[in-house]
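Novice: This is the structure, below, for whatever I ask next.
The values are calculated or read from the model by the stated rules, or taken from the named source; none is laboratory data. Being a predicted model, the structure only gives us computed values, none of them experimental. When we count neighbours, we look across all protein chains shown, and the Cβ atoms used for this are built from the backbone with ideal geometry, even at glycine.
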Amino acid sequence: MLLEGLRSWLAGTPRLSLVATAATVGDLLAARSGPDARPPADVVLLDLLLKDGSDPADNIRRLRETGSRVLIISTVADRPRVIAAVRAGADGYLTKDNELETLVEAVETVAAGGTAHSPELAFAWAHDTGPDRPRLSPKELEVLRGYASGLTLKATARRVGVSPHTAKYYLDRVKDKYRRAGRPAYTKTDLASRLREDGIGPAGD
């Protein structure tokens, strides 16, 4: 999907407004900082392989630091690259062969604070066996999602259908698994970050 093709493609939908295109992240950021600086984009569509050979993870982090959310649009669909992109802070991942409506919905989801769970992303996480990704049971995952979404432990317990004592037991197990994986999560904010990093799903799903 070349820049010109993307520009003309997105021009066909009134639901999105294309504010800028650039061949590299450096070019995009430079356009934001000059005398004719453009406003920051709510969502940046980023290819993993840019012409300057820049590191995808570094590009994602630089864009996130500006306040933009990042949706990866790439021909690359292998698991290590997908996982590395999400762990670097990408909010979603789509391959370039998706229909326009799928892209528009993904951008809207990411702009609203969600994560675009494409089949490629779901497949990558389902088959990720990296040692730093803990294996969570269904109940542990339910408790993690509820608690990390901002619910109290008691409210999480009610949602999951267990006692507060049992919910705390599951939550402690989640924290212990992340600690043993080398990615400690001591606070609710930490847990929400792990949820996003691991592509498990938006908190509260």
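Novice: Could you tell me how many of the residues in the range 77-94 are β-branched (Val, Ile, Thr) and in contact with a Pro (Cβ under 9 Å, 6 or more places away or on another chain)?
Specialist: Selection size over the range 77-94: 0.
Novice: Further question on the same structure: Just one of LEU191, LEU136 is surrounded by 17 or more Cβ atoms within 10 Å (Cβ to Cβ), touching a Phe, Trp or Tyr at 6+ places or on another chain (Cβ under 7 Å), hydrophobic (A, V, I, L, M, F, W, C) and at pLDDT below 95; which is it?
Specialist: Sole residue among the options that is surrounded by 17 or more Cβ atoms within 10 Å (Cβ to Cβ), touching a Phe, Trp or Tyr at 6+ places or on another chain (Cβ under 7 Å), hydrophobic (A, V, I, L, M, F, W, C) and at pLDDT below 95: LEU191.
Novice: List pairs: first residue in the range 41-64 and without any contact (Cβ under 8 Å) to a residue 60 or more places away in the chain, second residue among the basic types (Lys, Arg) and not in a loop (DSSP other than H, G, I, E, B) anywhere in the structure, Cβ distance under 7 angstrom, at least six positions apart or on different chains.
Specialist: Short answer, once both residue conditions are applied: LEU48/ARG81.
Novice: Would you pick out the residues in the range 135-158 that are charged (D, E, K, R), more than 15 Å from ARG173 (Cβ to Cβ) and under 23 Å from the mean Cα position of the chain (by Cα)?
Specialist: Those that are charged (D, E, K, R), more than 15 Å from ARG173 (Cβ to Cβ) and under 23 Å from the mean Cα position of the chain (by Cα): none in the range 135-158.
Novice: What number goes with the only condition from (1) buried (at least 18 other Cβ atoms within 10 Å of the Cβ); (2) farther than 20 Å from SER193 by Cα; (3) at pLDDT below 85 that ALA85 does not pass?
Specialist: Of everything listed in (1) buried (at least 18 other Cβ atoms within 10 Å of the Cβ); (2) farther than 20 Å from SER193 by Cα; (3) at pLDDT below 85, ALA85 misses just condition (2).
Novice: Restricting to the range 30-56, name every residue that is under 19 Å from ASP91 (Cα atoms), hydrophobic (A, V, I, L, M, F, W, C) and modelled with pLDDT under 90.
Specialist: If the condition is that a residue be under 19 Å from ASP91 (Cα atoms), hydrophobic (A, V, I, L, M, F, W, C) and modelled with pLDDT under 90, then ALA41, LEU48, LEU49, LEU50 are the ones that fit.
Novice: Residue by residue through the range 162-175, note down the ones that are under 25 Å from THR115 (Cβ atoms) and over 22 Å from the mean Cα position of the chain (by Cα).
Specialist: Selection gives ALA167, TYR170, LEU171, ARG173.
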